[in-house]
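Here is the structure we will look at, set down as structure tokens.
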Amino acid sequence: MSTLGKNIRNLRLKNCLSQAALADLINIPSQSKISAWESDKSIPNLLKAQRLAQVFGVNLDFLVQV
């Protein structure tokens, strides 16, 4: 079963990004948020989700598709 966290992780790895590099690209202070999102412990707010979709070159619907 796909989750938002798994989608973020898969897209990050597909784009050869570390959690720290992704955090820099979406302007968050540390990779701890990325880790929490990928483990489904929390979810990004709408603005961060939109930025993630832009970074990954996908639409928001694809990113949140579960």
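Where a number appears in this text, it was derived from the coordinates with a stated rule and is not lab data. Because the structure is a prediction, the values reported are computed rather than measured. No Cβ is skipped: glycine too gets one built from the backbone with ideal geometry, and neighbour counts run over all protein chains shown.
A compact table of results
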item	result
Residues satisfying the stated conditions in the range 25-42, i.e. of a type outside the set (Val, Ile, Thr), closer than 17 Å to Ala53 by Cβ and surrounded by 14 or more Cβ atoms within 10 Å (Cβ to Cβ)	Leu25, Lys33, Trp37, Glu38
Residues of the range 1-24 that turn out to be among the small types (Gly, Ala, Ser) and surrounded by fewer than 16 Cβ atoms within 10 Å (Cβ to Cβ), as a count	4
Residue that is farthest from Leu63 (Cα to Cα) [pool: residues in the range 1-41 that are assigned to a helix (DSSP H, G or I) and of a type in the set (Lys, Arg)]	Lys33
Restricting the range 51-63 to residues that are more than 19 Å from Gln19 (Cβ to Cβ) and not aromatic (Phe, Trp, Tyr), the residue that is surrounded by the fewest Cβ atoms within 10 Å (Cβ to Cβ)	Asp61
Hits in the range 42-60 - residues which are among the polar types (S, T, N, Q) and assigned to a loop (DSSP other than H, G, I, E, B)	Ser42, Asn45, Asn59
